Structures are given as structure tokens and as C-alpha cells.
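For reference, the structure discussed in these notes is given below.
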Amino acid sequence: MELKLRYYGDPILREEAADVEDFDEELFEQAAAMIETMVRERGIGLAGPQVGLRKKILIALKMADLDDSDADPVVVVNPEILERSRDTWVYEEGCLSIPGVNGDVTRSEKIKLRYQDVGGAEHVIEASGMFARILLHEIDHLHGKLFIDYLSTARKSLLKPKLNEISKTYNG
Ligand code: ZN
């Protein structure tokens with residue numbers, strides 16, 4: 001299964017994804033293809049809508065720290081954030097769907113998350129640091145939200161020509 005990346009300007013990136021109800025062979029194949037796509041594109045996370053899937057599924061590298069790019073990918077289905085720490089940290093994020101654009105985003109240091117794996121089993125985990133940040137970024141995608149939405153108005157207006165260019169280049 002070949003999945004194609006979707007880029008800024010594609011309406012699917014602004015849609016709410018649907019809950020996954022069938023934990024079938026198709027879901028398993030889609031998860032495997034998402035991991036392949038993420039590795040090929042050198043990403044550290046990937047959400048369903050970014051590859052045209054309107055479902056609550058995402059891949060996140062379980063990075064212990066900022067340099068831990070050998071970390072294993074985790075498949076997260078139907079995630080629900082149970083708790084977010086009040087402690088936050090700022091880091092410059094990017095997104096495979098918005099190539100060449102970066103910006104500082106403030107996110108919770110720790111989260112408590114409930115999700116299902118690709119077989120449907122339920123898990124409750126605590127994540128912190130980079131892993132928590134990736135999860136939060138990808139969960140936003142499932143709700144049609146992008147990291148650029150967090151940037152200041154000034155930064156957003158500076159990026160506007162670049163964003164318009166991405167939208168035109170990739171979406172015709
Ligand atoms: Zn993204």
C-alpha cells in the first residue's frame with residue numbers, strides 16, 4: 001500500500017478525523033504503510049489525515065530525548081488526552097505537511113493518554129518530553145489543527161507567502 005503525503009492547503013488537514021471502529025486487516029496495513037511513509041520522509045510522527053486517511057490513527061516515535069531518532073514507532077488509535085501537565089516547554093516544530101516551515105510551540109511537558117493499539121487493546125500511558133510533544137502535535141492533526149495555529153500573529157503573517165506557495169505548489 002502506497003500512501004501519498006498531503007500538504008498545507010489540502011482540506012483534509014482541517015477536518016475532524018473519525019473514530020476507528022474496525023480493528024481489521026485494513027487498519028493493520030494502513031498502520032504499516034504509515035510507518036513506512038514516516039521513515040521514508042524522515043519524520044518523527046505522522047497522523048492519518050496527512051496521508052489521506054480520515055481516521056483517528058497516528059504514528060509517533062517514542063523518543064527519550066531530542067536526539068533519539070532510533071526510537072521505535074508507536075501506533076496510536078483513538079487517542080484521548082486524560083491529563084496535561086501545567087509545566088510547559090517551548091521547542092521549534094515542523095511538519096511533513098508544511099515543508100520548510102518551522103516555529104516555536106509551547107506544549108505540556110507531560111501528558112496522560114488513553115489510546116488503543118492496532119489490535120484494539122486499550123492502553124493508558126504517561127508520556128513526557130519529546131514523545132509527549134510528538135503525540136500532542138499528531139493528536140492535533142486528528143482534530144484539524146496544525147502547529148502553525150499556535151504561532152504569533154506577527155510570525156503567521158511573515159509565513160503567509162511561504163504557506164501560500166506550499167499550497168499552490170502541492171495542491172495545484
Ligand atoms: Zn504535523
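The values are calculated or read from the model by the stated rules, or taken from the named source; none is laboratory data. This one's a predicted model, so the numbers in the text were calculated from it and none came from an experiment. Reconstructed Cβ throughout: ideal geometry from the backbone, glycine too, with neighbour counts over all protein chains shown. In case anyone asks, the SASA skips ligands and DNA or RNA and just uses the protein heavy atoms, side chains included. Shrake-Rupley method; radii C 1.70, N 1.55, O 1.52, S 1.80 Å.
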- Note on the structure: Given 106-114, 40-48, the highest-first ranking by average Cβ count within 10 Å works out to 40-48, 106-114
- Whole-Hz couplings from phi, Karplus 6.51/-1.76/1.60, listed for segment 100-116; x for Gly and Pro: x, 10, 9, x, 6, 10, 8, 9, 4, 6, 10, 9, 10, 10, 10, 7, 10
- Go through segment 40-55 residue by residue and turn each phi into a ³J(HN,Hα) via Karplus (6.51, -1.76, 1.60, θ = phi - 60°); whole Hz please, and just put x for glycine and proline. 4, 8, 6, x, 10, x, 7, 10, x, x, 5, 10, x, 9, 7, 9
- Query: Using alpha-carbon positions, what is the distance between the centroids of segment 115-138 and segment 47-100, in Å?
  - Reply: 8
- Note on the structure: A 1.4 Å probe over the protein heavy atoms gives the chain a carbon and sulfur accessible-area percentage of 45
- Query: Averaged per residue, what accessible area in Å² does the chain show with a 1.4 Å probe, protein chains only?
  - Reply: 53
- What ratio of Cα Rg to 2.2 N^0.38 Å holds for segment 79-172? 1.23
- Query: Which value, in Å³ per residue, describes the convex hull spanned by the Cα atoms of segment 1-52?
  - Reply: 81
- Ignoring everything but the protein chains, give the 1.4 Å probe accessible area of Phe131 in square angstrom, nearest 10. 10
- Task: Quick one: plug the Kirkwood hydrodynamic radius of segment 11-171 (C-alpha pairs) into Stokes-Einstein at 37 °C, 0.692 mPa s, and report D in µm²/s.
- Result: 203
- Per the helix-only model, the chain has a calculated mean residue ellipticity at 222 nm (DSSP H runs of ≥4, -39500 (n - 2.57) each, divided over all residues, rounded to the nearest 500) of -9500 deg cm²/dmol
